[in-house]
Every structure is written in C-alpha cells, then in structure tokens.
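K.L.:
Have a look at this one.
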Amino acid sequence: MLNKIFVSEIAYGETYQNAEYQVTTPDGQINFKIGEQNQNLDQLLDANGVDVACLITACNPLGQQVAVEVNLKANHSLELAIKAMGLPYYPGHGNDPKGAWKEGSYLMMGIDQVKARQLGDLYQQNAVVWISKDAPPELMWLR
C-alpha cells in the first residue's frame, strides 16, 4: 500500500517542485526555488538570528482550488496564528511559472519542524517549504 506522503508527492510533486517562491522583506524581494541554494535566504536567516525557516500558506487546502475570498480569509487566520506564536515573519507567495496559480504565504523565521508540520496540518496543506541555513530550500511533505 502506498503511504499518503508518497501519493502526495506523485500528485503534486512536480507542481510544487517547479513553483517560484518570493518573500518580501524590508530590504526587497527574495526569489527562490526548491533545490536551489539561495544566499539571500541565508542572509535573511542570519539577520533574524535563526538557522531555519518555513514558508507556509493556508490557501487551497489539500490542493483543491477554492474561491479567492476563502483563501484570503484562511491566510488572514494563518497570519494571526503566526503572530500569536511570536515569531518574526515575512509575507510572500508561491506561484506557477506558467501563471496558472498564485498563493499568498508567510515565511516564518526560527520555527521548528514539529510546529511547522502542526501548522501545515492545521491549514490542511500537502507540504510546506523548509529552509535551513547553507542548504537549498526543500519541500516538507505533510500528507
């Protein structure tokens, strides 16, 4: 029997892997991709005094497209949850390079993998983007 994470990777892996990600900081935009080392992300981690971060969205739970208003409400709820955790964060988004979709997201600084998984599960995400200093961003599958 195939496990849920493997099924998610088959169904969504290429889409998430090929996505383009962007984070807005006071110093400008940081663009990055899965599997590609990014010096600007490392500098942002350093500036925040952390070694890890997680890019997460609340949009389109379980990979199912929902109305824009539903996504906006879900992402607002996610932002309130992030604020309650007291972690520094930056707004961002992930998008399909072909322009088929774009999802608002947040880059949370210094969150551990357990909490990142819990938050991703709470908002029914298939995966989140895990970022570690001196390593390329990677997908952390939740389902």
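K.L.:
Quickly run through the range 37-51 and pick out the residues that are under 15 Å from the mean Cα position of the chain (by Cα) and over 17 Å from Met108 (Cβ atoms).
P.N.:
Within the range 37-51, none qualify.
K.L.:
If you take the residues of the range 66-89 that are of a type outside the set (Ser, Thr, Tyr), outside any helix (DSSP H, G or I) and surrounded by 12 or more Cβ atoms within 10 Å (Cβ to Cβ), which of them is farthest from the chain's Cα centre (by Cα)?
P.N.:
Val66
K.L.:
Here's something else I'd like to know. Do you know which residues across the range 47-100 are in contact with a strand residue (DSSP E or B) (Cβ under 6 Å, 6 or more places away or on another chain) and of a type in the set (A, V, I, L, M)?
P.N.:
Hits for the range 47-100 are Val50, Val52, Ala53, Leu55, Ile56, Ile82, Leu87.
K.L.:
Checking the conditions here, which among Tyr90, Tyr12, Tyr16 is under 19 Å from Glu138 (Cβ atoms), modelled with pLDDT of 95 or more and not basic (Lys, Arg)?
P.N.:
The match here is Tyr90.
K.L.:
With respect to Val128, determine if the residue is under 15 Å from Gly63 (Cβ atoms), among the hydrophobic types (A, V, I, L, M, F, W, C) and modelled with pLDDT of 95 or more.
P.N.:
Criteria met by Val128.
K.L.:
Output the number of residues of the range 92-143 satisfying the condition of being of a type in the set (D, E, K, R), part of a strand (DSSP E or B) and touching a residue at least 24 places away in the same chain (Cβ under 8 Å).
P.N.:
Going through the range 92-143 one residue at a time, the tally reaches 2.
K.L.:
May I ask you to verify whether Gly35 is small (Gly, Ala, Ser) and more than 13 Å from Tyr16 (Cα to Cα)?
P.N.:
Against the criterion (small (Gly, Ala, Ser) and more than 13 Å from Tyr16 (Cα to Cα)), Gly35 does not qualify.
K.L.:
Is it true that some residue in the range 16-33 is hydroxyl-bearing (Ser, Thr, Tyr), surrounded by fewer than 19 Cβ atoms within 10 Å (Cβ to Cβ), outside any helix (DSSP H, G or I) and in contact with a Pro (Cβ under 8 Å, 6 or more places away or on another chain)?
P.N.:
Looking through the range 16-33, at least one residue is hydroxyl-bearing (Ser, Thr, Tyr), surrounded by fewer than 19 Cβ atoms within 10 Å (Cβ to Cβ), outside any helix (DSSP H, G or I) and in contact with a Pro (Cβ under 8 Å, 6 or more places away or on another chain).
K.L.:
For the range 69-82, state whether one or more residues are under 22 Å from Asp134 (Cβ atoms) and not β-branched (Val, Ile, Thr).
P.N.:
Scanning the range 69-82, I find no residue that is under 22 Å from Asp134 (Cβ atoms) and not β-branched (Val, Ile, Thr), so the answer is no.
K.L.:
Could you list, in sequence order, all residues of the range 34-60 that are in contact (Cβ under 8 Å) with a residue 24 or more places away in the chain, surrounded by fewer than 17 Cβ atoms within 10 Å (Cβ to Cβ) and either part of a helix (DSSP H, G or I) or among the hydrophobic types (A, V, I, L, M, F, W, C) (or both)?
P.N.:
Result: Asp42, Asp46.
The values are calculated or read from the model by the stated rules, or taken from the named source; none is laboratory data. On a predicted model such as this, the values are computed, not experimentally measured, just so you know. Virtual Cβ from ideal backbone geometry, glycine too; neighbours counted across all protein chains shown.
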